[in-house]
1. Calculate the spin-label point distance for residue 20 paired with residue 108, positioning each point 7 Å from the Cα along the beta-carbon direction, and give it in nanometres.
2. Once a ≥ b ≥ c are taken as the square roots of the eigenvalues of the Cα gyration tensor of the chain, is the result rounded (a/c under 1.5), prolate (a/b larger than b/c) or oblate (a/b not larger than b/c)?
3. Excluding residue 74 itself, what net charge comes from residues whose Cβ is under 11 Å from its Cβ, given Lys and Arg +1 and Asp and Glu -1?
4. In nm, to one decimal, how far is the modelled label at residue 74 from the one at residue 127, with both set 7 Å along Cα→Cβ?
5. Compute the acute angle (0 to 90°) between the alpha-carbon long axis of helix 41-53 and the principal axis of greatest extent of the alpha-carbon atoms of the chain; round to the nearest 10°.
6. By DSSP, what percent of the beta bridges with both residues in the chain are antiparallel, rounded to the nearest 5?
7. Around residue 88, what is the net charge, scoring Lys/Arg as +1 and Asp/Glu as -1 over all other residues with Cβ under 14 Å from its Cβ?
8. Using only alpha carbon pairs under 8 Å that are at least six residues apart, calculate the relative contact order of the chain and give it in whole percent.
Amino acid sequence: MTQVHCTRAQTAVLQLLRQQPEPISAQALYTLIKQHQRIGLATVYRALDALKRMGWVQHRVTLAGETLYNAVEQDHHYMTCLHCGQSFPLDTCPLKGLEFSLQHSSSFTIYYHTLEFFGLCEPCAVQDG
Ligand SMILES: [Zn+2]
Ligand SMILES: [Zn+2]
């Protein structure tokens, strides 16, 4: 994969996403990026959209309906509590082996995958019971 077709805005958005320790909303990304350059929120959304189609950026929708973006090489997975909406990150990715074998056994080009578990966190489970 190369970045030759990226516009200036796309490159800036991607670079900033790669520096984030956690997935981030478009609005938060816009707030960060406009400290360094003149850019509109619509441009940030367009850049994110283009980067998604190129397989550089993935997104996740939280229970609250917020869309969070991250660079695909930052492979984040979560356990999300349906009661309080908190997401707990997994330490590892259990899908690396499967992705590798699919990549080699099928003609489908895989850019990234998603995985999320849903249920109840411990405090919420105690409360419910
Ligand atoms: Zn909870
Ligand atoms: Zn993964």
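1. So the label points at residue 108 and residue 20 sit 2.7 nm apart.
2. Here the chain falls in the oblate category.
3. -2
4. 2.8 nm
5. Orientation of helix 41-53: about 80 degrees from the principal axis.
6. 70 percent
7. -3
8. Computed over the chain, the figure is 21 percent.
The values are calculated or read from the model by the stated rules, or taken from the named source; none is laboratory data. Every value quoted in this text rests on a predicted model; they were computed, and no experiment measured them. A quick note on method: Cβ atoms are made from the backbone with ideal geometry, for glycine too, and the neighbour counts reach across all protein chains shown. Ligands, DNA and RNA are excluded from the accessible area calculation, which covers all protein heavy atoms including side chains. Shrake-Rupley method; radii C 1.70, N 1.55, O 1.52, S 1.80 Å.
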